[in-house]
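The values are calculated or read from the model by the stated rules, or taken from the named source; none is laboratory data. Worth saying up front: this structure is predicted, and the values here are computed from it rather than measured. Cβ placement follows ideal geometry from the backbone for every residue including glycine, while neighbour counts extend to all protein chains displayed.
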Amino acid sequence: MTALAKLLRRSETAVLAILIVVMIVIGVINPAFWQADNLFNLLRANVVIGIMALSVLTVMISGGIDVSFPAFAVAAMYLTVIAMNAWGYQGVVLPFIGATLIGLVCGLANAVFIHTFRMIPLIVTLGSASVVRGLLLGLVGTSIINIDRMPPSLIAFGSSTVDVGGSKLSLMIFIYLGIAVLMWLFLTRTMAGRGVFAYGDDAESAKRVGFNTRRTVYLVYGLAGALAGFAGLLHASMIWLANPRDFVGYELDVIAAVVLGGASIFGGRGSVFGTILGVFMLTLIKNSLIIMRVDNTWQGVVVGCVIVIATALTAWRDRKALV
Amino acid sequence: MNKLADFRRFINRDNNIVQLLVITAVIFLLMSALEPHKFLRYYNFESISFIFPELGIVAIAMMLAMLTGGIDLSVIGIANLAGILAGVFFTRLYPAGPEAGAAAELMRVAAGVVLALGVGLLAGTLNGLLIAKGRITPILATLGTGQIFTGFCMVLTGGPAIVGFPAWWGFIGNGKILGIAVPLILFLVVAVLIAVMLTKTPFGLNLFLIGTNPRAAIFAGLRTERMVIYSYMLSGTLAALAGIVLSGRTNAAKSDYGTSYLLQAVLISVLGGTNPAGGKGTVLGVSIAVIALMLLASGFQMMRFSNHLIDFIWGGFLLLVMVINVLRNRGK
């Protein structure tokens, strides 16, 4: 009984319940929603934004915020694809390692400013995003690498599917789920992961009980950058082009998804499962407006309302007397 | 919150103004030396006086939100919504009559201004209510409402820009009074009003106190909720004013105009000595910062830097100045 009560109190349960209701409502409005093709497409749309959300989740648990990951993702994606084209390299593993490393370096740069200079994460990441995007577009190039110039190995990788009952399910889903499981293990089963929660709850206490806070900050932002870089290249291989202006505005969506998933912006709170649900909720709403015959121009209004309502609910959940 | 408290120590207001003036002078001399023929022309400064006010007003709006430890990420959404609603009003609801006289035209523009500012006030009120009553973190609340406002812009326009503003509306963004750009005059009026309000009225003092220590402010009997709501209302109205100037200057309004202004507004208010954790910030600092950055941008434009590299310079400048602040304060 207590186990059930505990389960009901978890924010993931609430998100899951809302998610099911929303899916039923959409299914009633347009039964085509339940077709396997549509559902698989929906899952496919979760992959890139989901990996980014996992990176933001770690940052948010540590009490910070990251708005630079779209810039890092785009830089990692574009530079890797250009390098592959320049060397005529056809492969998959090495480019993804390269993109991840580019993201990692950018993320560590964030950590330097945030830890060493004690600067506010929002300001630092706003600045670093502007720096990275400016350098990429100003020095590297602004032209889109289209499908005819994309490395075929990447395209082949990104479009690999598995046949499920006559419909094609993108294999990228399993990469996303694999990363999610690893993140879950990291956050809940390792001391470094506990350190992230501790640091986000109260940095000073975490330091006093012996967590290496410097290592935690570097780990969190390095990991966030690395995941962003990986997600960036994955995105390019899934849409078959590399656009150096891509991912504009992703920060809003991803942060919204993570908050929807029950993470607290004040740190110390959040879960991988909740984030996966939050990401699914957001992509569900964004992708189902058309299926519900709502004009696409309403997308921004709907997503904004979802963010406001979800954050209001979280604020209500976390309410404490101010004094 | 500890990090924020650390950060608070690092900003020293009076030194900051001096430092800003030095930075501005350095930028001015550097640009004059690099591009003496283009940079030092009257035309250059005149064009800056038309372009910087909208950014300056948005930066002051951002500073107001930061004073209480918040942030307003919806300013650009509000600015565009105000401009677009005015555009809808002029083109669809109340088009100019064929024989409308100057007085009628003036009335029409005045009604548009009232409408635009009213929208800003309403949008700001919504932000304030969500933040003060709903207890939503300012970042998330304004992120969401900004998305909603931009979303409404999309719904109203369907994507393309709205054009066809009346001539008098264009005067707000392009006109001159006694040889001085109207936007500049508006900026000066706003700057003086807000500066007086912050330094000479109880409301301003309240904002600083709330930003310095919200808990102490409650114990001291301040009506913090109401003050926070007022500050976001003011910030929303200023954002709408910036939207009027922007749509007047370009004679168009679009849902994604000025998106780069958001970063720049945060950058300028932080450079101007505003503490994002609350409790510190001056209109003077913000004004000097916006001018410094405008000189920097126009100089680099003359050296044929691409706009993207200028973005890089803005971001790098933000990080650099903050590092300098930290290092300087560490020495003490």
Is at least one residue of region A:237-247 touching a residue at least 40 places away in the same chain (Cβ under 8 Å), of a type in the set (Phe, Trp, Tyr), crowded, with 23+ Cβ neighbours inside 10 Å and part of a loop (DSSP other than H, G, I, E, B)? yes
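Anything in region B:26-41 that is part of a helix (DSSP H, G or I) and of a type outside the set (S, T, N, Q)? List them, or say none.
B:VAL26, B:ILE27, B:PHE28, B:LEU29, B:LEU30, B:MET31, B:ALA33, B:LEU34, B:PRO36, B:HIS37, B:LYS38, B:PHE39
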Does B:ILE313 satisfy being modelled with pLDDT of 80 or more and more than 14 Å from the chain's Cα centre (by Cα)? yes
Unique match (being within 30 Å of B:ILE71 (Cα to Cα), in a helix (DSSP H, G or I) and in contact with a helix residue (DSSP H, G or I) (Cβ under 6 Å, 6 or more places away or on another chain)) among A:LEU137, A:LEU154: A:LEU137
Given (1) buried (at least 24 other Cβ atoms within 10 Å of the Cβ); (2) within 14 Å of chain B (Cβ to nearest Cβ); (3) in contact with a His (Cβ under 7 Å, 6 or more places away or on another chain), number of the condition A:MET77 does not satisfy: (2)
Residues A:ALA263, A:ALA310, A:ALA226, A:ALA315: which one is modelled with pLDDT of 90 or more and either of a type in the set (Gly, Ala, Ser) or outside any helix (DSSP H, G or I) (or both)? A:ALA226
Can you work out which of the residues in region A:130-185 that are buried (at least 19 other Cβ atoms within 10 Å of the Cβ) and within 14 Å of chain B (Cβ to nearest Cβ) is nearest to A:PRO95 (Cα to Cα)? A:LEU136
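To keep it simple, each residue is scored yes or no on (1) free of Cβ contacts under 8 Å to residues at least 60 places away in the same chain; (2) among the hydrophobic types (A, V, I, L, M, F, W, C); (3) away from chain A (no Cβ under 11 Å).
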| site | (1), (2), (3) |
| --- | --- |
| B:ALA240 | no, yes, yes |
| B:GLY285 | no, no, yes |
| B:MET294 | no, yes, yes |
| B:ARG304 | yes, no, yes |
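Picking from A:PHE113, A:PHE117, which residue would you name as being facing another protein chain (nearest Cβ under 7 Å) and either farther than 18 Å from B:LEU271 by Cβ or buried (at least 22 other Cβ atoms within 10 Å of the Cβ) (or both)? Let's see the steps before the verdict.
Numbers: A:PHE117 fails: either farther than 18 Å from B:LEU271 by Cβ or buried (at least 22 other Cβ atoms within 10 Å of the Cβ) (or both).
It is A:PHE113.
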Would you confirm whether or not region B:310-317 contains a residue that is among the aromatic types (Phe, Trp, Tyr), outside any helix (DSSP H, G or I) and facing another protein chain (nearest Cβ under 8 Å)? no
Looking at region B:42-70, which of its residues are in a helix (DSSP H, G or I) and over 24 Å from B:LEU117 (Cα atoms)? B:TYR42, B:TYR43, B:ASN44, B:PHE45, B:GLU46, B:SER47, B:ILE48
Quick one: in region A:306-317, which of the residues that are facing another protein chain (nearest Cβ under 7 Å) and within 20 Å of the chain's Cα centre (by Cα) is surrounded by the most Cβ atoms within 10 Å (Cβ to Cβ)? A:ILE307
Is it fair to say B:VAL323 is in contact with a helix residue (DSSP H, G or I) (Cβ under 9 Å, 6 or more places away or on another chain), within 10 Å of another protein chain (Cβ to nearest Cβ) and at pLDDT 80 or above? yes
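Yes or no: B:ASN325 assigned to a helix (DSSP H, G or I) and of a type outside the set (A, V, I, L, M, F, W, C)?
yes
One line per residue, one yes/no per condition, for (1) within 14 Å of chain A (Cβ to nearest Cβ); (2) β-branched (Val, Ile, Thr); (3) out of contact with any strand residue (DSSP E or B) (no Cβ under 9 Å at 6 or more places or on another chain); (4) at negative phi:
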| residue | (1), (2), (3), (4) |
| --- | --- |
| B:GLY170 | no, no, yes, yes |
| B:ILE180 | no, yes, yes, yes |
| B:ILE210 | yes, yes, yes, yes |
| B:ASN213 | yes, no, yes, yes |
| B:ALA216 | yes, no, yes, yes |
| B:THR224 | yes, yes, yes, yes |
